[in-house]
Amino acid sequence: MSTALLELAGLGLHPGRLGELLTRWGSAERTVAAIRGGRVDGVDAGSIVPADTLLGRLERCGARPVFLGEPGYPEALAAIEDPPPTLFVRGTIPGGPAVAVVGTRRATAYGRALARAFGAAVADAGWVLVSGLARGIDGEAHRGSLHRAGAGIGVLGCGPDVVYPREHGDIADDLIAGGAVVSEYPPGAAPLAWRFPPRNRIISGLAGAVVVVEAGVAGGALVTAARAVAQGREVFAVPGDVDRETSVGCNLLIRDGAVPVLGASDLVEALSLVLGPPRSAPSADDLPSAGISLDALAVRLGLEGSSFATWLGRMRLAGRIRVVGDRVHPQDPARRGTNG
């Protein structure tokens, strides 16, 4: 573990500022020494949190640090021009092809429904869904994927222990169970406006392609698309009415070379050329070790009401699952047949 990198990440500096310091001083160790020696303007030596203290905070929120260049750091993200030196991770970053689905927080009903359909299609194709956990398009894409028990990554613009917006706590919980929530900011870092534009490079950097569902002329979705282009990722966009505010950004992206997509099946066909052919979604018998929510499992199986309750009863009696709260977990094979 890099103690110096951990302490630098714990400062919660703007990523651009952190990059400047690392370039100037040549290493994390020398940068920390310069800060402690009062040789860095604007950074108080007293703001450095000791590594042991920071590790304790991470442990309490169920997160861990993953360092650039060390095992577990996503290869795709490591290859971009300005990867975060440290990622704070809750859950397990899933492997395999990934696609980012992003868009405006002020999504229309049409845009929200399309985002859910795209998320479901990505999950059914066996790909990882990456987004920003934000209101609007991001959250709906996550929900669509999770309802198909898809793997996902939520990229935060705050600390890993801060769920923003608060109403997406259930999404964060399901992402952690079947994927991960990640951030380059330390525990306790508030969701300040300046922290969101830099995090968009992580969203596009984790993905092989970026899909913009709805977007205005300004906002995070177009920032993500621009970063994707700079990173050599393919950008897709949904065309819309020329006079609709939430379509202007997508139409401009298409004008400038983004690939138009006309629905979920069209998206899968187009993404297959970039990510490779779709894979079969996980079977119903292959539950994630961390469990899955009852609602997500019902959707995954295509059952509802009494039919789902009957299925749960049979599986519990067979000793193949256990239900804890509102989550279903696979039963340890050694305990099957014990009804426990």
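The values are calculated or read from the model by the stated rules, or taken from the named source; none is laboratory data. Nothing here was measured: the structure is a model prediction, and the numbers come from that model. Cβ coordinates were reconstructed from backbone atoms using ideal geometry, including for glycine residues, and neighbour counts include every protein chain displayed. We work out accessible area using only protein heavy atoms, side chains counted, and drop any ligands, DNA or RNA first. Shrake-Rupley method; radii C 1.70, N 1.55, O 1.52, S 1.80 Å.
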| query | Considering only protein heavy atoms and a 1.4 Å probe, what is the carbon-and-sulfur percentage of the accessible area of region 189-241? | reply | 64
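Percent relative contact order of the chain, based on C-alpha pairs within less than 8 angstrom and at least six residues apart?
Details: 681 pairs, mean separation 51.0, N = 340.
15 percent.
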| remark: Output for region 4-91: trypsin sites (Lys or Arg not before Pro) sitting in coil per DSSP, at most 12 other Cβ within 10 Å, listed by number, reads 39
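Of the chain, which part is the longest with no GluC sites (Glu not before Pro) in a loop (DSSP not H, G, I, E, B) and with at most 14 other C-beta atoms within 10 angstrom?
For GluC sites (Glu not before Pro) (loop position, at most 14 other Cβ atoms within 10 Å), the longest site-free span of the chain is 82-303.
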| message | Taking a ≥ b ≥ c as the square roots of the Cα gyration tensor eigenvalues, with a/c under 1.5 meaning rounded and otherwise prolate when a/b beats b/c, else oblate, which class fits region 49-92? | response | prolate
| message | Given the DSSP H assignment, sum -39500 (n - 2.57) over each helix run of at least 4 residues in the chain and divide by its residue total; what's the result at 222 nm in deg cm²/dmol, nearest 500? | response | -12500 deg cm²/dmol
| field | Taking region 73-168 and dividing mean pair separation by its residue count, relative contact order in percent (alpha carbons under 8 Å, at least six apart) | value | 27
| note | Counting only protein heavy atoms and rolling a 1.4 Å probe, one gets per residue an accessible area for the chain in Å² of 44
| request: Count the DSSP beta bridges whose two residues both fall in the chain, then state the antiparallel fraction as a percent rounded to the nearest 5. | output: 40
| said: Suppose accessible area is computed on protein heavy atoms with a 1.4 Å probe; arrange 14, 329 from highest to lowest. | reply: 14, 329
| task | On a C-alpha basis, how far is the centre of region 108-170 from the centre of region 1-52 in Å? Whole number, if you could? | result | 33
| field | Full-extension gain in nm, residue 217 to residue 324, via 0.36 nm per residue minus C-alpha separation | value | 34.0 nm
| field | Separation between Cα centres of region 198-224 and region 234-281, rounded to whole Å | value | 13
| request: Just read off the accessible area of residue 80 with the full protein assembly in place, 1.4 Å probe, to the nearest 10 Å². | output: 10
| task | State, to one decimal in nm, how far the label point of residue 190 lies from the label point of residue 316, with both points 7 Å from Cα in the Cβ direction. | result | 4.5
| request: With no solvent and one equal point scatterer per Cα, compute the Debye intensity ratio I(q)/I(0) for the chain at 0.12 Å⁻¹ and report its log10, rounded to two decimals. | output: -0.86
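Determine, from the Cβ-Cβ distance of residue 113 and residue 29 and an R0 of 56 Å, the FRET efficiency 1/(1 + (r/R0)^6), rounded to the nearest 0.05.
Working: r = 51 Å, r/R0 = 0.91.
After rounding to 0.05, the efficiency reads 0.65.
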